[in-house]
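A.B. asks: Quick one: structure below, then a few questions.
The values are calculated or read from the model by the stated rules, or taken from the named source; none is laboratory data. If you're wondering where the values come from, they're calculated on a predicted model, not measured in any experiment. We place every Cβ from the backbone using ideal geometry, glycine too, and count neighbours over all the protein chains shown.
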Amino acid sequence: MSHLIAPSILSADFANIQRDVEMINNSSADWFHVDIMDGMFVPNISFGFPVIKAIKKHATKPLDVHLMIENPDRYLQTFKEAGADILTVHLEACNHLHRTTQAIKGLGMKAGVAINPHTSVHLLIDIISDVDVVCVMSVNPGFGGQKFIENTYHKIQSLKEIIRAKKSPALIEIDGGVDLNNYKKLIEYGADVLVAGNTVFSSSNPTQTIAELKK
Ligand code: DX5
Ligand code: ZN
């Protein structure tokens, strides 16, 4: 399978959200990456359900919703109704991760688990067979445009071994600081999905930058 590109809407122009959604629709991107922050799990607040619904109204590609919120179980159904196709929760934010991933799948969405830079991929061994996507954070979550953490390469390798050993279908998604200098190496190490916010939206030609990342 060729790798997937998920532009992060966090770096889009919210005054022109329809224009930016159409740009992604008409690009070689595969998913919309939608970052939800609650000001508790991370030191920032992004946006909520009305904005997701507005994106969904125009999007022709799946919505990959990344929840950086505490106790996400409260809102799984509401995110489904807002338009999430893939719903990712943080391992660090869930007391009963297996229950949460089962609930996400029960609602008809793909289930993702995200891990912070300090969290070992080995904590995923007993859940890996039940998840569709592992989102490896390559920055500390909360903000776009941060510097990529180099230890991520090593984590991809270890995670790939776990996925193979457990014969899991899980995709490895890399989120944070992905750019035109590191994307090839990330794919070589085994990344399946690359999230890119700042790299896409700060570029003079976002459509072309997505095409480059897709090469
Ligand atoms: C960070 C978010 C990321 C962010 C990535 O907390 O989870 O998805 O939008 O942005 P860049 O690509 O700018 O690092
Ligand atoms: Zn994200």
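A.B. asks: Tell me, yes or no, whether segment 90-97 has at least one residue that is assigned to a loop (DSSP other than H, G, I, E, B) and either hydroxyl-bearing (Ser, Thr, Tyr) or modelled with pLDDT under 95 (or both). Walk me through it before giving the result.
C.D. replies: Filtering segment 90-97 for residues assigned to a loop (DSSP other than H, G, I, E, B) gives 94-96.
In the following step, the residues that additionally are either hydroxyl-bearing (Ser, Thr, Tyr) or modelled with pLDDT under 95 (or both) were identified as none.
No - not one qualifying residue is present in segment 90-97.
A.B. asks: Let me ask something additional. Filter segment 37-61 for residues that are touching a Gly at 6+ places or on another chain (Cβ under 7 Å) and assigned to a strand (DSSP E or B); which is farthest from ligand 1 (Cβ to nearest atom)?
C.D. replies: Restricting to residues being touching a Gly at 6+ places or on another chain (Cβ under 7 Å) and assigned to a strand (DSSP E or B), the top hit is ILE45.
Residues checked against (1) at pLDDT 95 or above; (2) in contact with a Lys or Arg (Cβ under 9 Å, 6 or more places away or on another chain); (3) closer than 16 Å to HIS3 by Cα:
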| position | (1), (2), (3) |
| --- | --- |
| VAL134 | yes, no, yes |
| GLY142 | yes, no, no |
| GLU150 | yes, no, no |
| GLY177 | yes, yes, no |
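A.B. asks: Somewhere in segment 26-35, is a residue touching a residue at least 40 places away in the same chain (Cβ under 8 Å) and surrounded by fewer than 19 Cβ atoms within 10 Å (Cβ to Cβ)?
C.D. replies: There is at least one residue in segment 26-35 that is touching a residue at least 40 places away in the same chain (Cβ under 8 Å) and surrounded by fewer than 19 Cβ atoms within 10 Å (Cβ to Cβ).
A.B. asks: So is VAL51 over 20 Å from ILE127 (Cβ atoms) and modelled with pLDDT of 95 or more or not?
C.D. replies: Answer is yes for this residue.
A.B. asks: Which residue pairs have Cβ atoms closer than 7 Å, lie 6 or more positions apart in sequence or on different chains, and pair a first residue in segment 1-16 that is in contact (Cβ under 8 Å) with a residue 60 or more places away in the chain and within 13 Å of ligand 2 (Cβ to nearest atom) with a second residue that is part of a strand (DSSP E or B) and acidic (Asp, Glu)?
C.D. replies: Matching pairs, first to second residue: ALA6/ASP64; SER8/ASP35; LEU10/ASP35.
A.B. asks: Same structure again: Note down all Cβ pairs under 6 Å where the first residue falls in segment 137-166 and is under 23 Å from PHE47 (Cα atoms) and in contact (Cβ under 8 Å) with a residue 60 or more places away in the chain, the second is outside any loop (DSSP other than H, G, I, E, B) and among the small types (Gly, Ala, Ser), and they're at least six residues apart or on different chains.
C.D. replies: GLY144/SER11
A.B. asks: Just give me the residues in segment 191-209 being crowded, with 22+ Cβ neighbours inside 10 Å and in contact (Cβ under 8 Å) with a residue 24 or more places away in the chain, in sequence order. Reasoning before the result, please.
C.D. replies: The initial filter retains those residues of segment 191-209 that are crowded, with 22+ Cβ neighbours inside 10 Å, namely 191, 193-197, 199-200.
ALA191, VAL193, LEU194, VAL195, ALA196, GLY197, VAL200, listed by residue number.
A.B. asks: So in segment 167-190, with the set limited to residues that are within 16 Å of ligand 2 (Cβ to nearest atom) and farther than 27 Å from ASP13 by Cβ, which one is surrounded by the fewest Cβ atoms within 10 Å (Cβ to Cβ)?
C.D. replies: LEU171
A.B. asks: Follow-up question, since we're still on this one. Have a look at GLU173, GLU212, GLU188 and point out the one that is in contact with a Cys (Cβ under 6 Å, 6 or more places away or on another chain) and either of a type outside the set (Val, Ile, Thr) or more than 21 Å from THR101 (Cα to Cα) (or both).
C.D. replies: Unique residue meeting the criteria: GLU173.
A.B. asks: In segment 36-55, what count of residues is obtained for those that are surrounded by fewer than 19 Cβ atoms within 10 Å (Cβ to Cβ), closer than 25 Å to LEU194 by Cβ and touching a helix residue (DSSP H, G or I) at 6+ places or on another chain (Cβ under 7 Å)?
C.D. replies: Result for segment 36-55: 1.
A.B. asks: Right, here's the next one. Give the residues of segment 175-199 that are over 17 Å from ASP30 (Cβ atoms) and part of a helix (DSSP H, G or I), sorted by residue number.
C.D. replies: Within segment 175-199, LYS184, LYS185, GLU188, TYR189, ASN198 meet the criteria.
A.B. asks: Contact list please: Cβ distance under 6 Å, first residue in segment 84-95 and on the phi < 0 side of the Ramachandran plot, second residue of a type in the set (Phe, Trp, Tyr) and within 13 Å of ligand 2 (Cβ to nearest atom), pairs at least six apart or on different chains.
C.D. replies: That search, which allows pairs on different chains as well, returns ALA93/PHE41.
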